[in-house]
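Here is the structure we will look at, set down as structure tokens.
Throughout, read-outs are computed from the coordinates displayed, never taken from laboratory work. If you're wondering where the values come from, they're calculated on a predicted model, not measured in any experiment. No Cβ is skipped: glycine too gets one built from the backbone with ideal geometry, and neighbour counts run over all protein chains shown.
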Amino acid sequence: MEWLFKRKKEDSLIDEEIDMSNLPQHIAIIMDGNGRWAKKRNLPRTMGHKAGVETIREIVKTCSKIGIKYLTLYAFSTENWKRPQDEVNTLMNLLVEYLRKEVEELDKNNVIINWIGDISKLPLICQEELKRAKEKTKDNNGLTLTLALNYGGRDEIKRAIIKIAKDVNAGKLDVDSIDENTISGYLDTANIPDPDLLIRPSGELRISNFLLWQIAYSELWFSDIYWPDFSSKHLLEAIKDYQKRERRFGSIIEMSIID
């Protein structure tokens, strides 16, 4: 599967006019709508998740091809444990299957596998496959693919606060020196820049406890498309929309008047 730098006829990347000098460095995606996609087709919810994996392959391929440096996918939240057990099992099995099938190709194409979240709660086989994939791809320098697993923004901040408190108590950290950079350094994303663009398909207009600290100044892009139907075309539409926006980060862009 030679999916990098070799365009297939069905690819329409060149037809999408994007400014290659103004790409978002980090794109984060809330992969939503698998269950509704399946229900619409009178299929079990699990079939929606399986279809969603194919979308992951396509989006990773496209991000690698156009030069995105970081892609973070919300794969399983801290709240998703409330779902039916057979659905949870399917999601865990799909994670293992994805890593086993794709890691060789991802490695060959210079992709780095990473994760955020408390993976200690995942089945042991999932933890092992994640660690194996991360070790195998650690020396690559292309796209960093981060999977958010057993992840919640509030849980991440809670865990960071606990680590900060322990370091203050141990004398490793001066409480008066704590600033935003200090806090960022204790988060799961310590070595990842904040997202420039957050995408959520499926028609929902909320953040759902995803990267709450990191998206303070991210550009948000919503779509009614369910995740299994989300394609490279939609990704590039989001990037084109991103490129039309002015990112001020709370400041004012000076306007000059030309006589």
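Before moving on, here are some points about what is shown:
- Label-point separation, residue 207 to residue 184 (7 Å along Cα→Cβ), nm: 1.6 nm
- Projected label distance in nm at residue 110 and residue 170, using a 7 Å step from Cα toward the beta-carbon: 3.7 nm
- Taking Cα centre as origin and charging only the Cβ of basic (Lys, Arg, +1) and acidic (Asp, Glu, -1) residues, the dipole magnitude of the chain rounds to 940 debye.
- Taking all Cα pairs closer than 8 Å and separated by 6 or more residues, the relative contact order of the chain comes to 28 percent.
- For segment 19-93, alpha-carbon Rg over 2.2 N^0.38 Å: 1.29
- Computed on the Cα atoms alone, the convex hull of segment 180-224 gives a volume of 73 cubic angstrom per residue.
- Rough spin-label spacing in nm, given labels placed 7 Å along Cα→Cβ, for residue 141 and residue 21: 2.4 nm
- Entry for Cα Rg over 2.2 N^0.38 Å (calculated from the structure that is shown) out of (1) 1.06; (2) 1.11; (3) 0.98: (1)
- Calculated over segment 145-185, the projected area of the Cα convex hull averaged across directions stands at 3.6 nm².
- Alpha-carbon Rg/Rh ratio, for segment 122-221, with Rh computed the Kirkwood way: 1.01
- Dipole of the chain, positive end: most advanced residue of 120, 250, 164 [Cβ charges, Cα centre]: 120
- Estimated 222 nm signal from helices in the chain, with DSSP H stretches of n ≥ 4 weighted -39500 (n - 2.57), rounded to 500: -13000 deg cm²/dmol
- Taking the C-alpha atoms of segment 6-131, convex hull volume expressed per residue in Å³: 135 Å³
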